[in-house]
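Quick note: the coordinates plus some simple rules give every number you see, no bench work behind them. Predicted, not measured: the structure shown is a model, and the values here were computed from it. Positions of Cβ are generated from backbone atoms using ideal geometry, with glycine treated the same way; all protein chains shown enter the neighbour counts.
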Number of protein chains: 2
Amino acid sequence: VTGSVLVVGTGLIGTSIGLALDGHRRVLLADTDAGRLGVAVGRGAGEPWDGKVTAELAVVAVPPTKTAVVLTDLLRREVSEILTHVSSSQTQVQLDLDALGTQTATICGGHPLAGRETAGPDGATARLFEGRPWVACPLAGTSERAVAAVTELAAACGAEPMVMSPEAHDRAVAASSHLPQVVASALGARLLVADAAAVRVSGPGLQDTTRIAASDAGLWTEVLTANALQVAPLVAGLAEELRRVADALDVLAVSPGDAAAAQVLRDMLVRGNAGRALVPVKQGVLDRDVAVVAVRVPDEPGRLADLLVRAAAAGVNVEDIRVEHLAGRKTGVVELLVRSVHQASLAATLAGSGHEVLGGGG
Amino acid sequence: VTGSVLVVGTGLIGTSIGLALDGHRRVLLADTDAGRLGVAVGRGAGEPWDGKVTAELAVVAVPPTKTAVVLTDLLRREVSEILTHVSSSQTQVQLDLDALGTQTATICGGHPLAGRETAGPDGATARLFEGRPWVACPLAGTSERAVAAVTELAAACGAEPMVMSPEAHDRAVAASSHLPQVVASALGARLLVADAAAVRVSGPGLQDTTRIAASDAGLWTEVLTANALQVAPLVAGLAEELRRVADALDVLAVSPGDAAAAQVLRDMLVRGNAGRALVPVKQGVLDRDVAVVAVRVPDEPGRLADLLVRAAAAGVNVEDIRVEHLAGRKTGVVELLVRSVHQASLAATLAGSGHEVLGGGG
């Protein structure tokens, strides 16, 4: 992609693409909502499209259900040599295009994995895609040139280009993104029927496990619908797993010594350990590579900062941080995740500077 | 409790109780494992019990399945006026005591909600219970004086004493602690059968939702077994919820326009939003009270610290932090959770000092 880029849809993703390409490509922007378009233009994401000038690449960044119709319209108007989109479901767009009888030689699907809880052009940033996977998904008839245009676009935006079939892409995000959303939301939903005292005695486990249940319900209804074919069996499999656990618990409620029922629980928990160990803390870093240094700090400005200043002075990079507040009191526990090799020295450094370092750590 | 306290079982909880009471009460320690006892004594949690001296209060801090037997033994030996324990299941201990024919006038159950991923006396700290709920659970025949002894112990350890019936306690932790553990573990277990590409395209949602799946499988088998009566219907309810979602997704996979099926999804997601909104960020602080300031920072020592130093200098208390690493690149997004009223000023302060503040925020 060395020519101009037309971005249709100036939400979070579309506007961020414009900002990321600023200075490298001529970017033309279009949106049915003039207010949103104005914000994107005002933020420097590109210039408004006049509806006539042609571009080398058109990027359709509209909601999943409208993607195929917009792609088809742009193709018929011959506004660009190549077209792509950014939908989280690749096969649904392919099916929609087939239903419309649209030629796909110049269309290559794409999905930057850069979603945030924010939405709209106000949340956009030039660096949204930096280091993120951006999956190019060629359709049956897609040309090599169209695939190259999408991977070039991804690289120009700072993303890590990958190429997967639409089916492989949809299977992957069903497990890594869509299933966790369903699980977190369903758990949140069950809290509504739980004992009212439950949230009074809740801890960080409930916090973590329900965090993404706050996501937008309308958007996620669309996302899950578009990838229903892949998500359905995963949700059914999880329901079945939980059904087996519930049955085992029913047995144990009556016969606490039932070895077979206890084994069902233990087996599920052990497999949970193994599955969790696969989830990267960050790219290429697994749980086993890192260790926790836990410190108790007063819940007041500057105390957390001092901790990190001392870690930095010791040359230790903090990979992740968890802050656990304690109910009622003005103290919290801060867990610093560092490479295992740094754990002992960081603990000693912090203890030596007067911080209360807690022993051990998961 | 103004007299001496006998702590039986010097794991994380028992040793922490000894440390918390240090200087206020005479603490006697007992453990069947001499090595563990030695660590607890060495850490200053108390003095080894000679097996004869009597105490005002005995605290049994052994695994759930052994709690009733140890309580009964201590009661028969008349080693203390009052007895309590720290099991996460209160009704199971009550049933076990009934089965043993043990008199319960001087026994009051108790549960400090202070679990961590760490275990053993090495992880113990004098401040483990600070600000945490500590639920006293009177049995049928428990005297007022025994209840008062447990709430006094809780307060002496810095916890927030609460009194609940064993049943109410077990219902509450089933929803707030045991169900989330089952959900996270089951989701982790499903990752083992998911597409291998899934974890390559995973983000922070999967991280959060599976975090507690790393918990100890043996301990949790015991915990879930002890509270099976309360946990079973919650797991069954969640399995049923997911079964309905899977059925709706099956319909949508074939008929994406099916309004009734889409409504099943949307309704679950909306209830998930509502349930999540009940979960406190910390004691008395809900999602709606706080706002996010998101900043992109290079992944190197000191950059995160600078952010927090500047927040502290501006007098803004950071309630929570999330660090989101970006795959492959040496940058990450840091989300600072602050009281809503501070959001705009903190964003301006950080932007003014050269940080890249991202727009918006959930």
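The table below gives the values:
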item: Binned Cα-Cα distances of chain A, short to long, each 20 Å bin given as a whole percent; result: 24, 47, 28, 2
item: Rh (Kirkwood; distinct C-alpha pairs) - the stretch A:170-294, Å; result: 17.0 Å
item: Calculated label separations, A:D289, copies of the chain, 7 Å along the beta-carbon direction, nm; result: 3.8
item: Exercise: per-residue mean of other protein chain Cβ atoms within 10 Å, A:151-162; result: 1
item: Three semi-axes of the equivalent ellipsoid, the stretch B:1-116, Cα gyration tensor, whole Å, largest first; result: 21, 15, 13
item: Antiparallel %, DSSP beta bridges [both residues in the protein assembly as shown], to 5; result: 55 percent
item: For the stretch A:95-181, fraction of C-alpha pairs farther apart than 19 Å, in %; result: 47 percent
item: Cβ-based charge dipole, the stretch A:83-157, positive-most Cα from A:F129, A:H111, A:T84; result: A:F129
item: 20 Å-binned pair-distance histogram of the protein assembly as shown (Cα, whole percent); result: 17, 47, 28, 8, 1
item: Whether the stretch B:62-220 is rounded, prolate or oblate, judged on the alpha carbon gyration tensor where a/c under 1.5 counts as rounded; result: prolate
item: Calculated from backbone phi, Karplus (6.51, -1.76, 1.60) coupling profile of the stretch A:304-319 in Hz, x at Gly/Pro; result: 5, 4, 4, 4, 6, 4, 5, 4, 5, 4, 7, x, 9, 7, 8, 6
item: Convex hull volume per residue for the stretch A:136-183, taking Cα atoms only, in Å³; result: 73 Å³
item: Per-copy distances of the A:A260 label point, shortest first, in nm (7 angstrom along Cα→Cβ); result: 3.8
item: Other protein chain Cβ atoms within 10 Å, averaged over every residue that makes up A:248-257; result: 6
item: Charge sum, other residues only, whose C-beta stays under 13 Å from B:L83's C-beta, Lys/Arg counted +1 and Asp/Glu -1; result: -1
item: Student exercise, the stretch B:37-123 dipole from Lys, Arg, Asp, Glu Cβ charges, in Debye to nearest 20; result: 100 debye
item: With Cα atoms, 0 to 90° folded angle of helix B:12-21 axis to chain B main axis; result: 70 degrees
item: Total charge dipole magnitude, chain A, about the Cα centre, Cβ charges on Lys, Arg, Asp, Glu only, Debye to nearest 20; result: 600 debye
item: Estimated 222 nm signal from helices in chain B, with DSSP H stretches of n ≥ 4 weighted -39500 (n - 2.57), rounded to 500; result: -13500 deg cm²/dmol
item: Inter-chain Cβ neighbour average for residues B:347-358, partner chain, 10 Å; result: 1
item: Whole-Å semi-axes of the ellipsoid equivalent to the stretch B:138-224 (Cα gyration tensor, √5λ, descending); result: 39, 14, 10
item: Using θ = phi - 60° and Karplus 6.51 cos²θ - 1.76 cosθ + 1.60, couplings along the stretch A:67-83 (whole Hz; Gly, Pro as x); result: 4, 5, 5, 5, 4, 5, 4, 5, 4, 5, 7, 6, 8, 8, 6, 10, 10
item: Full-extension gain in nm, B:D258 to B:E81, via 0.36 nm per residue minus C-alpha separation; result: 57.0 nm
